[in-house]
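Bear in mind that the values in this text are calculations on the coordinates, not laboratory data. This one's a predicted model, so the numbers in the text were calculated from it and none came from an experiment. Cβ placement follows ideal geometry from the backbone for every residue including glycine, while neighbour counts extend to all protein chains displayed.
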Amino acid sequence: MLPRLLQPRFRSSSLTIALFLLASYNSVHAQDDEVITIDSSIVVVNASIIDSTGRAVGALGLKHFRVLEDGVEQEIKSFEAQETPFAAIILLDTSGSMEERVTLARAAAIQFLAGLRGEDFVAIYNFDSKVELVQDFSNSRDIREQAFDLKSYGMTVLNDAVYKAAEMLSKRPEKRRAIIVLSDGADTMSRRSADKALQTALATGSTIYTVDMSAVNSNNRDRVQNQGVLKNFAEKSGGIYVATPGGLAMRDAFKRIVEELGQQYTIAYQPSNVKKDGKWRAIELRVAKSNLTIRTRKGYKAPKGK
């Protein structure tokens, strides 16, 4: 039984829908010897919705929502609309391909921290040839001096960094979780594939927001390919892809991310399909009002029985 759900509290929401799963032995394999075990008997949909003017839509009730899994309507077991804390991890790309843009990525991280509320917790990791902790989870708006010593160096383990972030977030008590990736999208050394990293993020309820830090004068073919990786992470997890790595666009993007993580509708249902076949389950959320934008991750993988 989920606490405090189905209470009639409706506040303003922002722009995302993130889904995360809770308990029943669904295992996400990074490699044969690395498994994250989660519970998936309940699916929780954290939803933010905007209107045609870009403003958050508030005061929606349970009656306005329908949720479908593989085209089959599901019975909504619980519903709430309230502001809640979130946990996030910022991933700073410090690989050799970033060169002088490490300074820009650090400035972007500082902008994100500036928008935090007192109850939100954020950690910072950097990644090049390996993933390293820069600043552990904290509700501080200040960045540690260690972040100013980061230099561009080595290869890139973007996928491993996303996997690591999802693993760390799975241990947090907050129901809303996010990964903020500041990178040019290149990956040259990861042990895990982009799909494996994405599936792990989905399984642990982590929404991925990506910021393209690629150089304007970089190889066009490589840049387009790398941007595609960043867009895929964001689109399939219900996050935002930010194309502009600086100026007002960056500040506005981070402001939106912080707002939407803190204000979302929460809907929970128990899937009618109880097969443990390890197959993909597509989720669709519908709202009984026109001209609304709903961002959502595409679904989840069902647990796989022995």
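A compact table of results
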| item | result |
| --- | --- |
| Residue check for residue 41: hydroxyl-bearing (Ser, Thr, Tyr) and either touching a Cys at 6+ places or on another chain (Cβ under 7 Å) or over 30 Å from residue 305 (Cα atoms) (or both) | no |
| Where a residue in the stretch 268-291 is part of a loop (DSSP other than H, G, I, E, B) and its partner, wherever it lies, is surrounded by 12 or more Cβ atoms within 10 Å (Cβ to Cβ) and among the basic types (Lys, Arg), with Cβ under 8 Å and at least six apart | 270/77; 271/281; 273/281; 276/304; 278/301; 278/304; 279/301; 288/66 |
| The stretch 285-297, subset crowded, with 16+ Cβ neighbours inside 10 Å and charged (D, E, K, R), residue nearest to residue 62 (Cα to Cα) | 295 |
| Within the stretch 234-276, considering residues that are farther than 25 Å from residue 141 by Cα and aliphatic (A, V, I, L, M), the one surrounded by the fewest Cβ atoms within 10 Å (Cβ to Cβ) | 274 |
| Hey, residue 91 closer than 17 Å to residue 158 by Cβ and surrounded by 15 or more Cβ atoms within 10 Å (Cβ to Cβ) or not | yes |
| Condition check for residue 169: surrounded by 21 or more Cβ atoms within 10 Å (Cβ to Cβ), within 18 Å of residue 46 (Cβ to Cβ) and touching a residue at least 24 places away in the same chain (Cβ under 8 Å) | yes |
| Selection status of residue 214, in contact with a helix residue (DSSP H, G or I) (Cβ under 8 Å, 6 or more places away or on another chain), crowded, with 21+ Cβ neighbours inside 10 Å and under 16 Å from residue 104 (Cβ atoms) | yes |
